[in-house]
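Reading through the structure tokens given below for one structure.
The values are calculated or read from the model by the stated rules, or taken from the named source; none is laboratory data. Being a predicted model, the structure only gives us computed values, none of them experimental.
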Amino acid sequence: MGFFRFRKSIPLGKFFRINLSKTGASLSAGRPGATVNVRKDRVDGTVGIPGSGLSYKERLANRGCASVLVFALMLSSALAGVVIWAR
């Protein structure tokens, strides 16, 4: 038997996006080829060759102070970027 997935990505300027799914929300920062994704429980980094389908993903931090700090920094950067981009 199959299952349903839900995923929505909302761009916040050129380098940031908010990702929503049925399991939670995350914030991504980067460009095609290199991205950092921050969720409430971990931080992942992905590098790849754009257009090829080849990429490498690695967990950079697990749940704890480090991921909370990184999430706060990325969120504040994203909001600052949106404010600057909206002008």
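Filtering region 26-55 down to residues that are among the β-branched types (Val, Ile, Thr) and at pLDDT 85 or above, which residue is farthest from Lys8 (Cα to Cα)? Spell out the reasoning first.
At the first step, the residues of region 26-55 found to be among the β-branched types (Val, Ile, Thr) are 35-36, 38, 43, 46-47, 49.
With at pLDDT 85 or above added as a condition, the list becomes 35-36, 46-47, 49.
On the way: Thr35: 17, Val36: 17, Thr46: 19, Val47: 21, Ile49: 23 Å.
Residue satisfying both the conditions and the ranking: Ile49.
Test Ser77 against the criterion of being modelled with pLDDT under 85 and under 13 Å from the mean Cα position of the chain (by Cα), and give yes or no. Step through it out loud before you land on a result.
Values: modelled with pLDDT under 85: yes; under 13 Å from the mean Cα position of the chain (by Cα): yes.
For Ser77, the condition - modelled with pLDDT under 85 and under 13 Å from the mean Cα position of the chain (by Cα) - is met.
Do we have Ala72 as at pLDDT 85 or above, small (Gly, Ala, Ser) and at negative phi here?
On the way: at pLDDT 85 or above: no; small (Gly, Ala, Ser): yes; at negative phi: yes.
No.
Does Leu60 satisfy the condition of being at pLDDT below 90 and outside any helix (DSSP H, G or I)? Show your work before the answer.
Details: at pLDDT below 90: yes; outside any helix (DSSP H, G or I): yes.
In short, yes.
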